[in-house]
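Remarks on the structure that follows.
The values are calculated or read from the model by the stated rules, or taken from the named source; none is laboratory data. The structure displayed is predicted, hence computed values, not measured ones. With ideal geometry, Cβ positions are generated from the backbone for all residues, glycine too; neighbour counts draw on all protein chains shown. In case anyone asks, the SASA skips ligands and DNA or RNA and just uses the protein heavy atoms, side chains included. Shrake-Rupley method; radii C 1.70, N 1.55, O 1.52, S 1.80 Å.
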Amino acid sequence: MANARETELYGPVKQFFEGLGYVVRGEVTGCDLTAVRDRDVVLVEMKSRFNLTLVLQGIDRQQLGDTVYLAVDHAYGRRPARRWRSIQRLCRQLGLGLLTVNLRTAPAAVELVVEPQAVGVRCNRRKRRALLHEFEHRTGDHNVGGSTGQPIVTVYREQALRIAAYLATAQAATVAQVRADTGIQRSGGILQQNYYGWFTRIRHGTYTLSAAGHEAVQAYAHVLRAFTPPCQGEQLP
């Protein structure tokens, strides 16, 4: 069997932490998986094979989360046995948890190999606040952790999509109308900045949807359907 991709590990690890009562999001401020339960923040970095890059990512994440795990494919993490014992010892010394994911079982099995330990790493409060803000303001888990080369559905993109969906129905609206009907307070900034090229200003303070915006509404229809409740006057595709 070919080497598993990181994205294949995400679903089983997500289910593992959801089973422990966590809310899980993928690709939050660069972290493969973020899980939050009450005030407890868990971060997981995933690779098909255990390597130095994974270790360095885990060490970096210790500035943000209370608990950090590394997750690897069961089949490619354990060979040879002597190296696998050294890997476990390294994780313990660094305070990193270690999970393996067996994709060859149905359902995939997640095994806790090493419990994470507190190592007194100084918390980067600014980055932690940014991570939690992004986590808490997303409407759902619209990203697969470990993805590369794929647009990430951030809070900003979610809000821009909601505005695009609104304009797809309204055809044209002022900033004040968009703000009132969608409830997105920074509607003016999103429309004026037009980061994704989805909007067209037809006169001062009034916007319509560009061709790229119509394409985005269709491409992200699955994300738009997840918004509950829909914006006032908004009809999702």
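Sequentially through segment 88-93, phi angles give Karplus couplings (6.51, -1.76, 1.60; θ = phi - 60°) of 4, 5, 4, 4, 4, 5 Hz, Gly and Pro residues having no value and appearing as x. Just the protein heavy atoms count here, and of the accessible area of the chain at 1.4 Å, carbon and sulfur take up 48 percent. For segment 131-206 versus segment 63-125, the spacing of their alpha-carbon centroids is 37 Å.
Each peptide in 116-123, 136-143 receives the mean, over its residues, of other Cβ atoms within 10 Å, and ordering these scores from highest gives 136-143, 116-123.
Using the average count of surrounding beta-carbon atoms within 10 Å as a protection proxy, the listed peptides 206-213, 30-37, 83-90 rank, highest first, as 30-37, 206-213, 83-90. Of the peptides 16-25, 43-52, the ranking by mean beta-carbon count within 10 Å, highest at the top, reads 43-52, 16-25.
Per-residue Karplus couplings for segment 28-42, computed as 6.51 cos²θ - 1.76 cosθ + 1.60 with θ equal to phi - 60°, are listed in order as 9, 6, x, 7, 4, 9, 10, 10, 10, 9, 6, 9, 8, 10, 10 Hz, Gly and Pro entered as x. Give the Rg/Rh ratio for segment 115-237, taking Rg as the radius of gyration of the Cα atoms and Rh as the Kirkwood radius, to two decimals. Rg divided by Rh gives 1.07.
Taking every C-alpha pair closer than 8 Å and separated by at least 6 residues, the mean separation divided by the residue count of segment 72-182 gives a relative contact order of 16 percent. Is the shape of segment 1-138 best called rounded, prolate or oblate, per the rule: a/c under 1.5 gives rounded, else a/b larger than b/c gives prolate, else oblate, with a ≥ b ≥ c the square roots of the Cα gyration tensor eigenvalues? In terms of gyration-tensor shape, oblate. The amide H of VAL113, built 1.01 Å from its N in the peptide plane, has LEU98, LEU99, THR100 as neighbours under 5 Å, considering only residues 5 or more places off or on other chains.
For the chain, the per residue solvent-accessible surface stands at 52 Å², with DNA, RNA and ligands left out and a 1.4 Å probe. Here the Karplus relation 6.51 cos²θ - 1.76 cosθ + 1.60, evaluated at θ = phi - 60°, turns the backbone of segment 10-22 into coupling constants of 4, x, x, 5, 4, 4, 4, 7, 5, x, 9, x, 8 Hz, with x for every Gly and Pro.
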